[in-house]
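Take a look at the structure below.
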């Protein structure tokens, strides 16, 4: 799945000269945790709630609340933003975006096409896509099956489900350290008693079954 299919297009943004207090108000009113900082259509930074918290005067200060807010009102986004942010293109795979988020320990990536911001992709969007791809909430049954890590294994499982008129909706393979893998198989029916029996008869082991009505 491509980033462009799951990104938030036309995201809320601020420019480098935006006051920190204004950026904070945008985050609170729009319920977002990050804002791309855009200058002339190009992403020059990202500001997060964490950046805003770090910029606020320490709670140990003797400044009053009014004085603290006054100081923040004079501070611009350019002073506290994360510069030269990691970005991704709309045609990148979600897996690529997930790796970038994980490796750089960040929660949002600006999506840039031809040097210009076209959207953002967040951890939450990738998690939603992961749940959708694995069909965790879809009607039907999901099996975790221990299977030999050999050529033709998925073909054999497909033949068994086809024999029972069950449609495979989702499949994922988790490879272990030995000569077996765990196959997550989602089918479009909950009437799976004989299907499970035939899977076992073919030498597979059903580790668990989950049913979604």
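The values are calculated or read from the model by the stated rules, or taken from the named source; none is laboratory data. Keep in mind that what you see is a predicted model, and the values were worked out from it rather than measured. Positions of Cβ are backbone-derived with ideal geometry, glycine not excepted, and every protein chain shown enters the neighbour counts.
Here are the numbers:
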read-out	value
Filtered residue count, region 1-43, keeping only those that are under 24 Å from residue 95 (Cα atoms) and part of a strand (DSSP E or B)	7
Members of region 19-43 found to be farther than 22 Å from residue 126 by Cα, modelled with pLDDT under 95 and buried (at least 18 other Cβ atoms within 10 Å of the Cβ), listed by number	20, 23, 24
In region 69-83, the residues that are at pLDDT below 90 and within 18 Å of residue 50 (Cα to Cα)	69, 71, 72, 73, 75
Some residue of region 81-90 being in contact with a strand residue (DSSP E or B) (Cβ under 9 Å, 6 or more places away or on another chain), buried (at least 16 other Cβ atoms within 10 Å of the Cβ), under 25 Å from residue 21 (Cα atoms) and in contact (Cβ under 8 Å) with a residue 60 or more places away in the chain	yes
Test: residue in region 172-180 that is touching a helix residue (DSSP H, G or I) at 6+ places or on another chain (Cβ under 8 Å), in contact (Cβ under 8 Å) with a residue 12 or more places away in the chain, surrounded by 13 or more Cβ atoms within 10 Å (Cβ to Cβ) and not in a helix (DSSP H, G or I)	yes
Test for residue 206: is it surrounded by 13 or more Cβ atoms within 10 Å (Cβ to Cβ) and closer than 19 Å to residue 148 by Cβ	yes
Helices (runs of 4 or more DSSP H) within region 68-148 that include 3 or more residues closer than 29 Å to residue 205 by Cα	123-134
Verdict on residue 182 being under 30 Å from residue 90 (Cα atoms) and in contact with a strand residue (DSSP E or B) (Cβ under 8 Å, 6 or more places away or on another chain)	no
